[in-house]
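Let me begin by presenting the structure, written as structure tokens, before commenting on it.
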Amino acid sequence: MFNDIRLAFLWSDYLIFALVLALVAFVVSVVRNPLARARWSQVFRSRIGASSFLIIGFYVVIALLDSLHFQTRLEDTTGSGAEHYSPEVRSVLDVALAPMQGNDERTYSAPFAIYSFAKETEEMADGTIARVYPRLKHGGAHLENTSEHTADIVVKSLSVIGWWLIPCLVLISLHHVFVRNAASRLPWPVIYVTLTIIVLVCAWALEMSRYYHVLGTDKVGQDVLYQSLKAVRTGVLIGTLATLVTLPLAVLLGISAGYFRGWVDDVVQYIYTTLNSIPGILLIAASVLLIDVYIETHPEQFKLLSDRADFKFIALCFILGMTSWTGLCRLLRAETLKLSQLEYVQAAHAFGVSHWRVLMRHILPNTTHIILIALVLDFSGFVLAEAVLSYIGVGVDPSMKSWGNMINEARAELARDPVVWWSVTAAFILMFVLVLAANLFSDRVRDAFDPRMSGSGEQK
């Protein structure tokens, strides 16, 4: 089996695994630092912090699975012995979501429907022509009697939940016995409930997808749940990469302006004031259109459709980061101006301590809480920005699955009667859960790292 596949690496794949390595290094540094370990333990001891972190981790796992790409080998029909691979690049997530693929319908169908959403002209058994709602090819195809539709959904749902709930309860019981006498202040009941809900929802969705389209189908009959899950990678990556592009500019310029003041402060203020005077959406749209022109004029650099989509995606992350650093820069400038006037900083100058040492030992550590909070909030903002940009047609490539593209494709159908609501709703729910979890987690980080909020988030 493995001889018939070839690993395929996109630039975004390299970036996401580089981020994983950086995250591992960050965790190691936190473990070795007693003060940082105490602060982060306060985040995870809170019920909301632990639960939101697990939800974010679930999204990240989906993004990682969707970043392990491969191509399948094509059958050699020429007898030349040369190896040829499919131009379609698939991922491990595609394999996991196999029940949702290859069962496309003709057009729209509602969630758990067994009939098409639109009428079609069919010839009846008596030879007459009529407009009817045809049966779906996949949804409910196993049912011989349509009157069993509702009962079948209920029975299968309860069966899946029951079979998966039992091992979850067993594992929770064993773990509870193991940690009962251990000195741990983590909110284990909340962790148990969150993990159980995630496992049950995943198992239920995968099992029910074998018989129905759980979230319906879109205009061309593709499964909406599959598209929504494939869009997770786009949302997680664009939020993370754009945030990391923003971070170095904002930290370097903001702290430099507040610490050195004088002409450095004037130059930095001039740069971000000028950038803020340009409407952000117009600047981003113009930059994205330039990227489109480059792609069209250099087709030889993009052999596969996935290469083209990946290049535009990375360019969009860079553009969003380069146009969104001014807010954090202003916050850091103001905080640094205040910190540079404190007694211990003035004492360091009096003793001849170098500027670099003052910045690294006194200024940067005391602005960490602002940076961490801004990072998580910017992540949420970039996830929403992608949806808005794709909605107006200047976001990621149309061939790339994203929540913005789903909303853009479904917007015309909101005027139908009855309304085709499930594509927009699916994208909204998954995006809302990710953004809400990120915001709640940022609140707990603020409570732990901001000295003015010390101790306020301990039991939330």
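The values are calculated or read from the model by the stated rules, or taken from the named source; none is laboratory data. Everything numeric here is computed off the predicted structure, so don't read it as measured data. Counting neighbours? That spans all protein chains shown, and the Cβs are built from the backbone with ideal geometry, glycine included. We work out accessible area using only protein heavy atoms, side chains counted, and drop any ligands, DNA or RNA first. Shrake-Rupley method; radii C 1.70, N 1.55, O 1.52, S 1.80 Å.
For Cα pairs less than 8 Å apart in space and 6+ apart in sequence, what is the mean separation divided by the residue count of the chain, i.e. the relative contact order in percent?
Over the chain, the number comes to 21 percent.
Under a 1.4 angstrom probe, counting protein chains only, how are VAL31, VAL433 ranked by accessible area, largest first?
So, going from the largest accessible area down, we get VAL31, VAL433.
What is the angle, in °, between the Cα long axis of helix 422-449 and the longest principal axis of the Cα atoms in the chain? Nearest 10 is fine, range 0 to 90.
So the helix axis and the longest Cα principal axis differ by about 20 degrees.
Round to the nearest 0.05 the FRET efficiency obtained for LEU283 and VAL28 when R0 = 25 Å and r is the Cβ-Cβ distance.
0.05
Return the long-range amide H neighbours of ILE5 (sequence gap of 5 or more, or a different chain), with a cut-off of under 5 Å between placed amide H atoms.
ARG73
What FRET efficiency comes out for VAL95 versus ARG135 if R0 is 30 angstrom and r is the Cβ-Cβ distance? Round to the nearest 0.05.
0.55
Projecting each Cα onto the charge dipole of the chain (Lys/Arg +1, Asp/Glu -1 at the beta carbon, about the Cα centre), which of GLY395, VAL435, HIS213 comes out farthest on the positive side?
Of the options given, the answer is VAL435.
Under 5 Å between amide H atoms, partner at least 5 residues away or on a different chain: which partners does TYR85 have, H built in plane at 1.01 Å?
Sorted by chain and number, the residues that satisfy this are LEU74.
Rank these residues by their accessible area, most exposed first, probe 1.4 Å: TRP422, TRP204, TRP11, TRP40.
In descending accessible area the options line up as TRP11, TRP204, TRP40, TRP422.
Scan [x] 1.16; [y] 0.92; [z] 1.39 for the value of Cα Rg over 2.2 N^0.38 Å calculated from this model and give just the label.
Looking at Cα Rg over 2.2 N^0.38 Å for this model, the match is [x].
Quick one: helix 34-45 against the long Cα principal axis of the chain, what's the angle to the nearest 10°, folded into 0 to 90?
40 degrees
Just to make sure I understand: if all protein chains stay in place, what is the order of ILE166, ILE319 by accessible area at 1.4 Å, largest first?
ILE166, ILE319
If I ignore ligands, DNA and RNA and count only protein heavy atoms, how much of LYS312 is accessible to a 1.4 Å probe, in Å² to the nearest 10?
About 20 Å², rounded to the nearest 10.
Angle check, please: helix 188-208 long axis (alpha carbons) against the longest principal axis of the chain (alpha carbons), in degrees 0 to 90, nearest 10.
It is inclined by approximately 30 degrees.
Got a sec to turn the phi values of region 8-23 into Karplus ³J(HN,Hα) couplings, 6.51 cos²θ - 1.76 cosθ + 1.60 with θ = phi - 60°, whole Hz, x for Gly and Pro?
These are the phi-based 3J(HN,Hα) values: 10, 10, 9, 4, 5, 5, 4, 5, 5, 6, 5, 5, 5, 4, 5, 5 Hz.
Could you compute how much accessible surface VAL201 exposes when probed at 1.4 Å, giving the result in Å² to the nearest 10?
80 Å²
Considering lysine pairs in the chain that are 8 or more places apart or on different chains, how many have Cα atoms under 21 Å apart?
11
Pop out the ³J(HN,Hα) list for region 215-227 in order, Karplus 6.51 cos²θ - 1.76 cosθ + 1.60 with θ = phi - 60°, rounded to Hz; leave Gly and Pro as x.
The phi angles translate into 10, x, 10, 8, 4, 9, x, 7, 5, 6, 4, 4, 4 Hz.
Given H placed on each backbone N at 1.01 Å, which residues far from ASP66 in sequence or on other chains put an amide H within less than 5 Å of it?
Placed amide hydrogens put LEU93 under 5 Å from ASP66.
For region 238-253, just list the computed ³J(HN,Hα) in residue order, Karplus coefficients 6.51, -1.76 and 1.60, θ = phi - 60°, integers in Hz, with x standing in for Gly and Pro.
Rounded to whole hertz, the list is 5, x, 6, 5, 5, 5, 6, 5, 5, 4, x, 4, 5, 5, 4, 6.
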